[in-house]
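Below is one structure, written out as structure tokens; the observations come after it.
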Amino acid sequence: LRAFEAEYHQIADTLATETDETTHDKLLHRMDYVQHRIEFLGGFDYQHRVETVLEGLEIPRERWNTTAENLSGGEKSRLALAKVLVAGFDLLLLDEPTNHLDYRGVEWLEEYLKTYAGAMIAISHDRRFLDGTVTSVLDLEHGRLIRYDGNYTKSRDQKIFNDETLRRAAANQQAFIDKEMEFIRKNMGSQRTAEAKGR
């Protein structure tokens, strides 16, 4: 972005004094391309986005111009998260993104992710964060992956309901099997042997 932005301003400066029509047209064409690349990569407001994210993740302004090796472990983690958020990827893969954030930082991150243009996959033990940000949950259990619509609480309630439904169905099936087995035991070797064999 910085390289394209510098080129854009350089072209603008050159255009102000360029008198050759062919060169002028080439510069306008290049300027149009550069402008589209800047917009594609996030626009001219990237510096504002960087500042917004750094402030939201509570990295102190006086630390913005220091090198990463001079940051604390928590600041490094927040900086890595900031880098991912500012980059504007189509898909965010977030593993415990709230680990090094205080309450205000978590609230800010929730609000930021609600308006994020891309998709997000988050792994988190922070139920409140999941309730505030996700719209579906994937549950992996016993080698089966099940998708639930809604936030964490809604998906948990649906999972409990589904598990209870399966438990009742299994109990009903077992009761039917037990009843059939009892019939078979009682009727083998009697007048109803054929029926018992059929069951």
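Below are the figures for this structure:
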| item | result |
| --- | --- |
| For peptides 15-22, 68-75, sequence by mean Cβ density within 10 Å, most packed first | 68-75, 15-22 |
| Lys, Arg +1 and Asp, Glu -1 on Cβ, resulting dipole of the chain about Cα centre, debye, nearest 20 | 1920 |
| Assigned charges on the beta-carbon of Lys, Arg, Asp, Glu; segment 72-148 dipole about Cα centre (debye) | 100 |
| Trypsin sites (Lys or Arg not before Pro) within segment 166-196, DSSP loop, no more than 16 other Cβ atoms inside 10 Å | ARG192 |
| Aspartates and glutamates with Cα under 17 Å of LYS154, excluding same-chain neighbours fewer than 8 positions away | ASP126, ASP131, ASP139, ASP163, GLU164 |
| Listed values (1) 21.4, 66; (2) 30.7, 112; (3) 16.2, 49, entry calculated as Rg and Dmax of the Cα atoms in Å | (2) |
| With Cα atoms, 0 to 90° folded angle of helix 2-17 axis to the chain main axis | 30 |
| Principal-axis tilt of helix 103-114 within the chain, Cα atoms, nearest 10 degrees | 90 |
| Charge dipole (segment 70-134, unit charges on Cβ, about Cα centre) - positive-most of ALA87, THR133, THR115 | ALA87 |
| Residue-normalised accessible area of the chain, expressed per residue, 1.4 Å probe, Å² | 70 |
| Within the chain, helix-based [θ] at 222 nm, where runs of 4 or more DSSP H residues each add -39,500 (n - 2.57), nearest 500 | -20500 deg cm²/dmol |
| Carbon and sulfur %, accessible surface of segment 99-199 computed with the full protein complex present, 1.4 Å | 54 |
| Relative contact order (percent, whole number), the chain, Cα cutoff 8 Å, 6+ residue spacing | 11 |
| Segment 28-86, accessible surface, carbon-and-sulfur percent (1.4 angstrom probe) | 55 |
| Beta bridges per DSSP with both ends in segment 51-156, % antiparallel, nearest 5 | 55 |
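The values are calculated or read from the model by the stated rules, or taken from the named source; none is laboratory data. As the structure is a prediction and not an experimental result, all values here were calculated from the model. No Cβ is skipped: glycine too gets one built from the backbone with ideal geometry, and neighbour counts run over all protein chains shown. Ligands, DNA and RNA are excluded from the accessible area calculation, which covers all protein heavy atoms including side chains. Shrake-Rupley method; radii C 1.70, N 1.55, O 1.52, S 1.80 Å.
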